[in-house]
Amino acid sequence: MTESSEPTEQPLDLLYSETEDDLRAAVRALLADRAGPQTLLGRIETDSPYVPGLWKSLAGDIGAAGLLVPEKLGGQGASHREAAVVLEELGRAVTPLPYLTSAVVATETLLALAGEGEAAAGLLAELASGRRVAVLAVPLSTAPGAEFPLAESVAGVPDAAAADVFLVPRADGLYAVPAEEATVEPQTPLDLTRPLARVTTEGGSGTRLAGPDAARTAVRRGLLAGAGLLASEQLGLAEWCLEETVRYTRERHQFNRPVGSFQALKHRMAQLWLDLVGARAAARAAADALATGSADAPLTVAVAQAYCSKVAVRAAEECVQLHGGIGMTWEHPAHLALKRAKSDQIALGSAGRHQDAIACLVGLEPPA
Amino acid sequence: MTDAEELRVLTRKLLEEHPPATTDRTDFLRARFDAGLAWVHYPVGLGGLDAPRALQAVVDAELAAAGAPDNDPRKIGIGLGMAAPTVLAHGTDEVKRRFLRPLWVGEEVWCQLFSEPGAGSDLAALATRAVRDGEDWVVDGQKVWTSSAHTARWAILIARTDPDAPKHRGITYFVCDMTDPGVEVRPLRQITGEAEFNEVFLTGVRIPDAHRLGEVGDGWRVAQTTLMNERVSIGGARIPREGGMIGKVATTWRERPELRTHDLHRRLLDHWVDAEVARLAGERLRQQLVAGRPGPEGSAMKLAFARLNQVISGLEVELLGDEGLLYGEWEMRRPELVDFTGRDAGYRYLRSKGNSIEGGTSEVLLNIVAERVLGLPPEPRNDKDVAWKDLAR
Ligand SMILES: Cc1cc2nc3c(=O)[nH]c(=O)nc-3n(C[C@H](O)[C@H](O)[C@H](O)COP(=O)(O)OP(=O)(O)OC[C@H]3O[C@@H](n4cnc5c(N)ncnc54)[C@H](O)[C@@H]3O)c2cc1C
């Protein structure tokens, strides 16, 4: 009932700082201006969902691409906490941008190699400025601790279409292969705002950045940061879904009442809000644990993924359902969110895989 | 304003002047109250120092390290969580001085005479009458599900003083003396076998007008202070990982490999994740409070913990298999404190069913979240402008 005694370890900082709020406002304004639902709906059936010039504005003008990169390596010297805020906004707007892939996964992978030589550091500076986009050539579904293919040809690579360079893990190490030297065959994705492709590179092509052991550690670190910050994308997406649903059901009348006044619906939306309170705490915890390099980061990330991916899917499904027929139409952006949420559930490890990781980390072993 | 360092100095001074090892428990607690270190955010003279609420942690940490006695918040939860903030906000100076010290020290236990057989979720429908008689009010009626009425010295009570007004407007808030001859407390046994709550019959109970909190007819507004604090006081505590109900199941899982099945493993992990996330959300809520930015997440925490306690304790009974078929004992006891996690898995399972009913049902809290947090339209109502006496019952 009252305050218990203080635990000894330093608790995670789960709030947003003023700087983070400012960054959020800037990103939100940019996306509202340039990447509203109608713009995205107009683009998803063209060759490329990416809004021209948007990456340059986000990466260059706002400086968002270099948040994870220290200033001496050409970045903003911020942290995962700020990058998480950017991802919340990108999730809210279901924005097609190679942010998670390039500014988080590839960047974090290269950060692990920054001491290994000039090639990695040079590339990192280019990613931080947004001049180039790099994509790790592993399937989108790869979990942080999982094995990944070391084949010449890898399917399910996200944002390959936007990549200038691929980070290709091979048996003898990690290579940076310019996109011109790779074959990119687009696949038809469930999530139209995050294109997938099969990427084929010839053995030996590109520049070697690290040997096999360093490469494995670096890729895992990249995927861990990706999984942890994906939770923030999922949080933002779920927030948008709930807000839109509340707005719509307040206005939509049936049976001579706003449908949002029916208790069966109110309770479902209240329950979603409750799930969001949890998702926000979990996503913030993961971002903060990554930012501080906490030894607890793998567990905190797994918890955030196991929780947030379910919440995002539930929010998007409820959004479609509570919009009724309109929710099923191509014109309404709810399907963009649903497709992103469902594909995010598989991205960077499914909830089940993350739960297995948790079982292992906290000593809740499965039956013999 | 008092800062952390000053509080540390004051706490050490208290410890020097009243060494816990050689001081009587009650004397120590009284001295602590008088030093303003009971609840530092309360006014000077009433157990506090007008300091920021967050700084209580500084005092608590110093005292815990020194092995000082605490006031056993579990025993006096209703007094601390609900009666005190209401007395503070709506009592006269005299009332505050009379009640707050023994309340905090734990010399006087409080209970809450709100619910009635015909008025639970719809609390404003209550029928217990209070009629003015000179300097007193005379109260007649029946209350129910009153936790700790059998140990309480005082009660917070709401009663109807104007049956001609619409139901929310004719209510007045009182402090009721549980030793008044008109008060009869009968144990009400609950599904655990224990009688933690009671029926309370009020017959010609005389309450001096000086024990009224707030204006006549304004009791509903006063009651909001109580109810808001009730929700915040549930779930605000800081707990370590695996600190709640989940810790019990996790321990059993680790120690008893023979009980494990794949189905239970999957569900255990689901609950483990949910419990960890609820813990983080609680921590986030606390950090918001400390930063002076309280959010509406208080009601969320109560909802989340109610559901978690129920599913986790249910899983625990299943996990125990043959042992889950047994129950500690059914003998009727009238416990001194409300125990959510004590005794055995069967008890925990049954007691947790109350978590989504006591202090406002989960359904009612979901309504509150939907309307006050999300801004969804209210239910259509037909009881707002009708005199209470004309409502169908
Ligand atoms: C263990 C325990 C301890 C308690 N201690 C105290 C105490 O110390 N003092 C005190 O005054 N009271 C106490 N209570 C009473 C408690 O506050 C009430 O039980 C509670 O408010 C619900 O009222 P009710 O029991 O009349 O249920 P009802 O209001 O009759 O509800 C029945 C069902 O209908 C649902 N319902 C009601 N209204 C709505 C609505 N508008 N929308 C949707 N669903 C609705 C409820 O959620 C519930 O499921 C205690 C209860 C318990 C279980």
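Can you run phi through the Karplus equation (6.51, -1.76, 1.60; θ = phi - 60°) for region B:31-41 and list ³J(HN,Hα) in whole Hz, with x for Gly and Pro?
3J(HN,Hα) across region B:31-41, in whole Hz: 5, 5, 4, 5, 7, x, 10, 6, 9, 4, 7.
How compact is chain A by the rule of thumb for globular proteins, expressed as Cα Rg over 2.2 N^0.38 Å?
Chain A yields a ratio of 0.99.
Magnitude of the Cβ-charge dipole of chain B, K/R +1 and D/E -1, about the Cα centre, nearest 20 debye?
Using Cβ point charges on Lys, Arg, Asp and Glu, chain B gives about 580 debye.
If you bin the C-alpha pair distances of region B:248-372 every 10 Å from 0, what whole percents do you get?
Over region B:248-372, the share of Cα pairs per 10 Å bin runs 11, 34, 33, 18, 4 percent.
Express the C-alpha Rg of region A:1-153 as a ratio against the empirical globular expectation 2.2 N^0.38 Å, rounded to two decimals.
Output field value: 1.20.
What residue among B:LEU319, B:ALA61, B:ALA159 has its Cα farthest toward the positive end of the dipole of chain B, where the charges are +1 on Lys, Arg and -1 on Asp, Glu, each on the Cβ?
Highest projection toward the positive end goes to B:LEU319.
Report the per residue volume, in Å³, of the convex hull enclosing the C-alpha atoms of chain B.
Roughly 167 Å³ of hull volume per residue.
Run a plain Debye calculation on region A:85-207 (Cα atoms as equal point scatterers, no solvent) and give log10 I(q)/I(0) at q = 0.10, 0.15, 0.22 Å⁻¹, rounded to two decimals, same order as the q list.
Treating every Cα as an identical point scatterer, log10 I(q)/I(0) equals -0.28, -0.65, -1.40.
If I histogram all Cα-Cα distances within region B:160-238 using bins 5 Å wide from 0, what percent of pairs lands in each bin?
With 5 Å bins starting at 0, P(r) equals 3, 13, 13, 16, 21, 19, 10, 4, 1, 0.
What distance in nm lies between label points placed 7 Å from Cα along the C-beta direction at B:MET332 and B:GLU16?
Label at B:MET332, label at B:GLU16, 5.5 nm between them.
How many percent of the accessible area of chain B is carbon or sulfur, using a 1.4 Å probe?
That share works out to 52 percent.
What's the buried accessible area, both sides, between A and B using a 1.4 Å probe, rounded to 100 Å²? Walk me through the numbers before you get to the answer.
Values: alone 16560 and 19580 Å², together 31300 Å².
Buried area (both sides, nearest 100 Å²): 4800 Å².
If you scale each eigenvalue of the Cα gyration tensor by 5 and take the root, what three semi-axes come out for the protein assembly as shown, rounded to whole angstrom and sorted largest first?
Computed over the protein assembly as shown, the values are 54, 29, 25 Å.
Check which residues have an amide H placed less than 5 Å from B:GLU116's amide H, if you skip close sequence neighbours.
Amide H neighbours of B:GLU116: B:VAL144.
Would you mind getting me the FRET efficiency between A:ALA29 and A:GLN321? Use the beta-carbon distance for r and R0 = 41 Å, nearest 0.05.
0.85
Please check chain B for the longest run free of GluC sites (Glu not before Pro) that are loop-located per DSSP (anything but H, G, I, E, B) and have at most 13 other Cβ atoms within 10 Å.
Longest gap between qualifying sites, sites excluded: B:1-134.
Tell me whether region B:110-219 comes out rounded, prolate or oblate; compute the Cα gyration tensor, take square roots of the eigenvalues as a ≥ b ≥ c, and use a/c under 1.5 as the rounded threshold.
Values: a/c = 2.19, a/b = 1.43, b/c = 1.54.
Oblate is the answer for region B:110-219, as a/c is 1.5 or above yet b/c matches or exceeds a/b.
If the cut-off is 14 Å between C-alpha atoms, which aspartates and glutamates fall inside it for A:LYS342, apart from same-chain ones fewer than 8 positions away?
In chain and number order, the partners are A:ASP191, A:GLU233, A:GLU317, A:GLU318.
Per the 1.4 Å probe, what fraction of the accessible area of chain A, in percent, lies on carbon and sulfur atoms?
Working: 7390 of 14120 Å².
Whole-percent figure for carbon plus sulfur exposure: 52.
For region B:63-164, what value does the Rg/Rh ratio take when both radii are computed over Cα atoms and Rh is the Kirkwood radius, given to two decimals?
1.04
Efficiency by 1/(1 + (r/R0)^6): what FRET value for B:VAL290 and B:ARG372, r their Cβ-Cβ distance, R0 = 25 Å, to the nearest 0.05?
0.60
What helices does chain A have that are whole DSSP H segments, at least 30 Å long along their own axis by Cα, and with mean Kyte-Doolittle hydropathy of -1.0 or more?
Working: long enough: A:212-251 (58 Å, -0.13); A:263-291 (41 Å, 0.31); A:297-322 (36 Å, 0.75).
TM-like helix candidates: A:212-251, A:263-291, A:297-322.
When the Debye formula is applied to the Cα atoms of region B:189-292, each taken as the same point scatterer, what base-10 log of I(q)/I(0) results at q = 0.10, 0.14, 0.23 Å⁻¹?
Here the Debye-derived log intensity ratios amount to -0.59, -0.88, -1.19.
Return the single residue from B:GLY193, B:GLY244, B:GLY342 with maximal mean-square fluctuation; model: Gaussian network over chain B, springs between Cα atoms under 10 Å.
B:GLY342
Evaluate peptide B:62-74: per residue, the Cβ atoms of other protein chains within 10 Å of its Cβ; return the mean as an integer.
That average works out to 1.
Of B:LEU337, B:LEU350, B:TRP388, which is farthest along the charge dipole of region B:317-393 in the positive direction, counting Lys and Arg as +1 and Asp and Glu as -1 at C-beta?
B:TRP388
Quote the FRET efficiency, to the nearest 0.05, computed for B:ARG393 versus B:ASP27 with a Förster distance R0 of 35 Å and r equal to the Cβ-Cβ distance.
0.10
Mind putting together the pair-distance distribution for region B:1-137? All Cα pairs, 10 Å bins, whole percent per bin, short to long.
Bin by bin from 0 Å, the calculated values are 11, 36, 30, 13, 9, 1.
Please list, in order along region A:195-203, the HN-Hα scalar couplings obtained from phi with the Karplus expression 6.51 cos²θ - 1.76 cosθ + 1.60 (θ = phi - 60°), rounded to whole Hz, x for Gly and Pro.
Rounded to whole hertz, the list is x, 10, 8, 8, 10, 10, 10, 7, x.
From the C-alpha gyration tensor of region B:301-392, pull out the three semi-axes of the equivalent ellipsoid (sqrt of 5λ each), sorted largest to smallest, in whole Å. All intermediate terms of the calculation are to be shown ahead of the outcome.
Numbers: eigenvalues 266, 66, 23 Å².
Taking √(5λ) for each eigenvalue gives 36, 18, 11 Å, largest first.
Please calculate how many Å² of accessible area the protein assembly as shown carries per residue, with a 1.4 Å probe and no DNA, RNA or ligand atoms counted.
41
Convert 20 °C to kelvin, take the viscosity as 1.002 mPa s, use the Kirkwood radius over C-alpha pairs of region A:209-261 as Rh, and evaluate the Stokes-Einstein diffusion coefficient in µm²/s, rounded to a whole number. Display every interim value, and only then the final one.
Working: Rh = 14.4 Å.
The diffusion coefficient I find is 149 µm²/s.
Got a sec to turn the phi values of region A:324-331 into Karplus ³J(HN,Hα) couplings, 6.51 cos²θ - 1.76 cosθ + 1.60 with θ = phi - 60°, whole Hz, x for Gly and Pro?
Coupling constants for region A:324-331: x, x, 4, x, 8, 8, 5, 6 Hz.
The values are calculated or read from the model by the stated rules, or taken from the named source; none is laboratory data. Because the structure is predicted, anything quoted here is derived from the model rather than measured. With ideal geometry, Cβ positions are generated from the backbone for all residues, glycine too; neighbour counts draw on all protein chains shown. These area figures cover heavy atoms from the full protein model, side chains too; ligands, DNA and RNA do not enter into them. Shrake-Rupley method; radii C 1.70, N 1.55, O 1.52, S 1.80 Å.
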